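Read through the structure below, which is laid out as structure tokens, and then see the notes.
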Amino acid sequence: MERKTKVNAEDGKQELVITREFDLPVELLFKAYVTPEIVEQWMGTKVLKLENKKHGSYQFETSGPKGNFAFVMSGVIHDFVTNQKITRTFEMENTPFAPQLEFLEFETLTEGGSRLTMHIVYKSVALRDQILQLPFVQGINMAHNRLQDIVNKLK
Amino acid sequence: MNLRRDVFQAIADPTRRAILMLVASQSMTAGVIAANFDTARPTVSKHLQILTECELLKQEQAGREIYYHINAKKMKEVADFIEPFRQMWDDRFNKLEAIMKNYKPEK
């Protein structure tokens, strides 16, 4: 079976590309990126700030599985075109990792289908490889069992 | 002429991933592999060459035939490196999709 989310990280390059096709119209895909309550649900983070505009900024906060540590991700928005693209920086605050530049492109595929392309540029090849191998604090822990709760609440 | 091939470029191509999946089930000759695809035989040969150069496939001579088989060690290296990261995004995007299915498009 073809996997839906693809990560293309060419050897020796300080960038990578994540692509994913959604069985959703592009408007809904975009909405999931710009609506704080929805971002909180799928990213598994609190949204402290989310200014959806050029020169705006954002700040997300996540905590460990037992609420024992907090972790802030933030950045500034360089470009914002509704239903088309978001260009932003991303930084994990208070970590040794340098900020990265993210180009998010939202496209309509067919009626009711869309694609997200996320092009991430890192400070160096070494940093990219290090981040790829991180045991990800930001998401995995809280992912699975919460999904069903969230979906049920929305119905 | 003999370009350096890297594995991530190799597995980025859907046909090459399909070849890897096919050969993973059993070793086979180029002819048998090509018979599984609509693609022209020289194109399949090119894909096999790339996969071999980056060591995802190994060639084994058996009589007059050359069999291709998966280089498990190399495949594991690739998977270990990228899979957890991919999985994290896949989980997030699966959630996103499930959540947004409950919304109606604003039109």
- line: Here, residue A:108 and residue B:55, labelled 7 Å along Cα→Cβ, have an inter-label distance in nm of 4.8
query: If the cut-off is a Cα-Cα distance under 16 Å, which aspartates and glutamates reach residue A:53, setting aside same-chain residues fewer than 8 apart in sequence?
result: A:79, A:102, A:105
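If we count every other residue with Cβ under 15 angstrom of residue A:125's Cβ, Lys/Arg +1 and Asp/Glu -1, where does the sum land? Working shown, then result.
Working: positive: A:13, A:123, A:128; negative: A:10, A:11, A:15, A:129, B:6.
Once all neighbours under 15 Å are counted, the net charge is -2.
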- request: Return P(r) of region B:7-78 (all Cα-Cα pairs; 5 Å bins starting at 0; whole %; ordered from short to long distances).
  value: 3, 18, 32, 28, 14, 4, 1
- prompt: Over region B:7-78, what is the mean sequence separation of C-alpha contacts under 8 Å (at least six apart), divided by residue count, expressed as relative contact order in percent?
  reply: 35
- prompt: What does a probe at residue A:89 reach in region A:115-130, counting residues whose amide N is under 18 Å from the point 7 Å along Cα→Cβ?
  reply: A:119-125, A:127-128
- prompt: For B:57-63, what's the mean count of beta carbons from other chains sitting within 10 Å of each residue's beta carbon?
  reply: 0
Summed residue charge, Cβ within 11 Å of residue A:97's Cβ, Lys/Arg positive, Asp/Glu negative: 0
message: In Å, what Kirkwood hydrodynamic radius results for region A:13-60 from the alpha-carbon pair distances?
response: 12.4
message: Using only Cα atoms and rounding to the nearest 10 degrees, what angle (0 to 90) does helix B:14-25 make with the longest principal axis of chain B?
response: 60
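Over 21 Å between C-alpha atoms is what I'm after, so list which of A:31/A:123; A:4/B:74; A:46/B:104; A:54/A:85; A:123/B:74 land there.
Distance filter (> 21 Å) returns A:31/A:123; A:4/B:74; A:46/B:104; A:123/B:74.
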- prompt: What average count of beta carbons from other chains do you get within 10 Å of the Cβ of residues in A:30-40?
  reply: 2
- line: Each residue of A:9-16 has, on average, a number of other protein chain C-beta atoms within 10 Å of its C-beta equal to 4
- request: Enumerate the aspartates and glutamates that residue B:58 could reach by cross-link, defined here as Cα to Cα under 16 Å, with residues fewer than 8 away along the same chain left out.
  value: B:6, B:77
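Each value in this text was obtained by applying a stated rule to the coordinates, not by laboratory testing. In this text, all values refer to a predicted model and were calculated from it rather than measured experimentally. Every residue, glycine among them, receives a Cβ derived from its backbone with ideal geometry; neighbour counts consider all protein chains shown.
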